[in-house]
Amino acid sequence: MISMVVYIIFGMMGFLILMSLVWRFSKPHPCPVWLSWLVEFDNPFTRANRSAVIVENLNLQPGMKVLDAGCGPGRLTIPVAQKVGPQGEVVAMDIQLGMLDLVKKKAVNISNIQYLNAGLGEGKLSHNQFDRALLITVLGEIPDQGSALREIFDALKPSGMLSITETVFDPHFQKKEKVIPLTHEIGFKVKSIIGNRLAYTLLLEKI
Ligand SMILES: C[S@@+](CC[C@H](N)C(=O)[O-])C[C@H]1O[C@@H](n2cnc3c(N)ncnc32)[C@H](O)[C@@H]1O
């Protein structure tokens, strides 16, 4: 009986590792809705991608307007909406309607979230409206990263901040050595970097 349980556990681990390898080396595509539960976990081995750390690092104030781009099931959307309060607003944007439905289910008592079912880079965001933007483990799923970052840059107010988080546990992990030059090209300036080799959060300012 015990050996069967061990076989099942190792089989499942092998399946997950295989899937993650196939995913990492195939062309970018969005994390499927049925795997959203994986996105919800705060990984115990990393700090920089924990929701509380990301939110704290944003220096949010009541009344701010925030874009959660690639919000997924709303791991960050909900605490950010609570932090900016009823005078503030969060735009939860995702290319998959199923992810927005998951956020809506969680946000039953929260009225300051707007939902936008669109892909970054499609030009759906109007300019100079956000104080903060989040791009948390999303960048690697986007084929045209330049256009996506440009759209966020334009949608931020002058001196607005973009927070980018990446973790090696995501099959679409993007190294900061690649991400930082890309953001410089668009016009962002690095304000701070927290984390380590396993996960990092970049705070970038629109200048
Ligand atoms: C790994 S999940 C991260 C979710 C959330 N940011 C978090 O950290 O909990 C990535 C999300 O980005 C979304 N996504 C992928 N490409 C996108 C695009 N071009 N525009 C908007 N959302 C996108 C996916 O649908 C998915 O919900």
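Derivation of every value follows stated rules applied to the coordinates shown; laboratory data play no part. If you're wondering where the values come from, they're calculated on a predicted model, not measured in any experiment. As a convention, Cβ positions derive from the backbone with ideal geometry for all residues, glycine included, and neighbour counts pool all protein chains shown.
With neighbours defined as other Cβ atoms within 10 Å of a residue's Cβ, the residues 39, 90 order from fewest to most as 39, 90.
Less than 5 angstrom separates the built amide H of residue 156 from those of 128, 129, 130, all sequence-distant by 5 or more or on a different chain. Among 170, 144, 131, the residue with the largest mean-square fluctuation in a Gaussian network model of the chain, with springs joining Cα atoms closer than 10 Å, is 144. Relative contact order of the stretch 30-206, taken over Cα pairs closer than 8 Å and 6 or more residues apart, is 21 percent.
Beta bridges assigned by DSSP with both partners in the chain are antiparallel in approximately 40 percent of cases. Taking each of 105/176; 104/176; 83/124; 65/206 in turn, the alpha-carbon distance tops 23 angstrom for 105/176; 104/176; 83/124. Across 188, 45, 130, mean-square fluctuation computed from a Gaussian network of the chain (C-alpha pairs under 10 Å connected) peaks at 45.
Look at the Cα gyration tensor of the stretch 116-170: its axes a ≥ b ≥ c give a/c of at least 1.5 with a/b at or below b/c, and that counts as oblate.
If you fit an axis through the alpha-carbon atoms of helix 145-155 and take the longest principal axis of the Cα set of the chain, what angle between them do you get, 0 to 90°, nearest 10? For helix 145-155, the angle is close to 40 degrees.
Under the shape rule built on the C-alpha gyration tensor, where the axes satisfy a ≥ b ≥ c, the stretch 87-128 is oblate, since a/c reaches at least 1.5 while a/b does not exceed b/c. In a DSSP loop and with at most 15 other Cβ atoms within 10 Å, the trypsin sites (Lys or Arg not before Pro) in the stretch 71-142 are 124.
One decimal place: the segment residue 124-residue 38 gains 28.1 nm when fully extended, by the rule 0.36 nm per residue minus the C-alpha distance.
Once you divide the Cα radius of gyration of the chain by 2.2 N^0.38 Å, the number left is 1.04.
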